1. Taking one equal scatterer on every alpha-carbon of segment A:90-229, how large is log10 of I(q)/I(0) by Debye at q = 0.20 1/Å?
2. Among A:Y124, A:H234, A:I57, whose Cα lies farthest out toward the positive end of the dipole of segment A:18-277, if unit charges sit on the beta carbon of Lys, Arg (+1) and Asp, Glu (-1)?
3. Using the count of nearby Cβ atoms within 10 Å as a rough guide to exposure, how do A:Y216, A:Y46 rank from fewest to most?
4. What ranking do A:L317, A:L285 get, fewest neighbouring Cβ atoms within 10 angstrom at the top?
5. Of the listed peptides A:118-126, A:84-92, what is their order by residue-averaged count of other C-beta atoms within 10 Å, with the highest listed first?
6. Give the span of segment A:18-277's Cα atoms along each principal axis, as three whole-Å numbers ordered largest to smallest.
7. How are the C-alpha pair distances of segment A:231-313 spread across 5 Å bins, as whole percents from the shortest bin up?
8. Placing unit charges on C-beta atoms (Lys and Arg positive, Asp and Glu negative, everything else neutral), compute the dipole magnitude of chain A about its Cα centre in debye, rounded to 20.
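What follows is calculated from the coordinates using simple rules that are stated; it is not laboratory data. Fair warning: this is a prediction, and the values are worked out from it, not measured in the lab. No Cβ is skipped: glycine too gets one built from the backbone with ideal geometry, and neighbour counts run over all protein chains shown.
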Amino acid sequence: MADNKKMVDDITSMDVDFAKWYTDIVKKAELCDYSSVKGCMIVRPYGYAIWENIQRILDAEFKKTGHQNVAMPLFIPESLLQKEKDHVEGFAPEVAWVTYGGSEELEERLCVRPTSETLFCDHYKNIIKSYRDLPKLYNQWCSVVRWEKTTRPFLRTREFLWQEGHTMHETAEDAIRETELILGIYAEFCEKHLAIPVVRGKKTDSEKFAGAVSTYTIEAMMHDGKSLQAGTSHYLGDHFAKAFEIEFQNRENKPQTPHQTSWGVSTRLIGGIIMTHGDDNGLVLPPAIAPIQIVVIPVAQHKEGVIEKAQEVKERLSKQFRADIDVSDNSPGWKFAQYEMKGVPLRLEIGPKDIEKNQCVIVRRDNREKTFVSLDELETKVAELLNAVHDGLYEKALKNRENRTWTAHDLDEMVQIANEKSGFIKAMWCGDAECEAKLKEIAGVTSRCMPFEQEHIGDTCVCCGKPAKSMVVWGKAY
RNA sequence: CUGGGUGUGGCGCAGCUGGUAGCGUGCUACCUUGGGGUGGUAGAGGCCGUGGGUUCAAGUCCCGCCACUCAGACCA
């Protein structure tokens with residue numbers, strides 16, 4: 001029963017053209033629309049509902065670990081942005097500037113926040129006086145602007161929704177612990193709620209955040225083998241604090257500079273969901289964040305009592321799940337295709353024959369498996385099947401990653417794999433940025449991260465042959 | 001930013017060598033519809049991305065601009 005025959009032919013097949021497939025999906029599933037400003041997208045109700053589910057789950061995790069939400073300004077005065085040298089250099093090429101207020105030219109131009117470290121620091125300077133004021137665990141849900149050159153819906157947009165956490169701590173150890181705590185929250189979220197397996201690790205110096213001491217990352221592999229940085233957590237040390245002259249009196253009554261972190265995930269996660277789970281029939285949503293978890297489709301709905309029974313089933317389900325029903329005039333087949341396009345994890349079919357037998361048919365989105373379910377055990381079965389869909393998606397994604405993970409021992413092997421395959425390439429590295437640059441140039445790959453779970457592949461750097469310091473996962477990234 | 005492609009009803013496209021627009025789909029109404037995009041009838045809807053040029057005449061030829069899109073270089 002679980003054939004993968006393509007039922008809808010107005011989506012470009014993913015094997016034919018993955019990029020086209022992606023844009024077809026986001027538009028056909030009504031996740032977003034293009035706006036009249038390049039790179040700024042309109043997030044439509046269905047897409048926004050996914051984001052709201054992501055927000056709801058993550059926000060609860062943040063609150064549980066002591067974080068508080070705040071709202072910072074949209075604008076950053078140029079002088080403020082320039083306080084931390086590496087930070088400005090990193091972001092200057094992609095900030096948007098406001099130079100006029102009405103018809104008057106501003107004395108100091110304002111940048112539209114690309115990220116808010118500087119704003120938080122400017123504020124922390126005023127409110128952190130004593131070790132008793134620490135830690136400060138702030139987060140905000142907002143949008144930021146980065147003037148990207150090439151844009152793609154959800155993956156790289158000029159304005160995007162995200163959450164940015166900014167925290168201050170007494171010691172480096174505390175701050176590093178925070179950085180790791182958050183990375184753990186992100187990773188668990190991806191795996192337990194989005195069904196996306198991730199590699200946890202640290203960025204190399206050349207890939208880390210502008211102004212950070214170290215950047216921790218979770219890297220996910222998309223269906224086509226490309227890598228997606230799904231979330232980052234930065235340990236900022238005391239660079240910003242020093243630049244902004246933030247000091248507190250410590251327990252010994254001496255002045256001390258606090259240590260800082262920042263971390264974020266964005267609507268890019270939605271892009272990740274699409275490219276990890278989607279197929280040629282459309283979107284496939286992990287149950288935890290699907291706006292509709294189960295859709296009820298009456299069959300032969302003009303027959304007496306069918307719609308009423310279907311409504312009743314939907315009402316029952318709504319008490320426990322995000323359920324919907326489609327009683328429109330479209331044929332059942334049309335509806336099947338429609339909700340597959342939208343990635344709804346489960347579909348419930350109910351017709352006169354079923355009603356007679358006190359049952360219904362439930363079909364999984366991920367493998368089209370049909371199950372006859374007695375209405376007496378509806379809720380239990382639906383819960384089970386939702387879990388099964390989640391597990392199925394995770395397994396499939398993990399398998400894809402395993403099938404596309406390679407190992408390279410020397411430069412020739414590296415170049416060959418990079419040219420012939422797609423995916424992650426594990427290889428040893430000496431720690432030198434020159435080798436990274438060289439690999440980028442001749443193999444077209446960048447270092448994705450140095451995984452926390454290291455493997456010993458060899459003793460020497462894949463590029464220069466000098467003694468290796470760590471294993472790096474390399475790949476092509478979105 | 002570099003190179004390629006494309007701009008024509010909401011969406012997808014046709015319109016060959018110039019003579020002021022056509023198809024599919026979607027939409028509206030009515031009927032039809034039992035398990036994978038049901039079929040029918042009627043109807044509404046576009047001055048052809050934008051600015052200029054050639055011409056008696058431009059969607060069609062020429063130049064500029066803009067936007068979108070794909071592939072690279074840069075980034076969540």
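1. The computed values of log10 I(q)/I(0) come out as -1.49.
2. Projecting each Cα onto the dipole axis, the largest value belongs to A:I57.
3. Working: A:Y216 28, A:Y46 17.
Sorted ascending by nearby Cβ count, the order is A:Y46, A:Y216.
4. Details: A:L317 22, A:L285 30.
Ordered from fewest to most neighbouring Cβ atoms within 10 Å, A:L317, A:L285 come out as A:L317, A:L285.
5. Numbers: A:118-126: 19.8, A:84-92: 17.2.
Most protected by this proxy first, the peptides run A:118-126, A:84-92.
6. Ordered largest first, segment A:18-277 gives principal extents of 61, 50, 32 Å.
7. Pair shares across the bins are 3, 10, 10, 10, 8, 8, 8, 7, 7, 7, 5, 4, 4, 4, 2, 1, 0.
8. Values: 62 positive and 74 negative charges, 82 e Å.
That gives chain A a dipole magnitude of about 400 debye.
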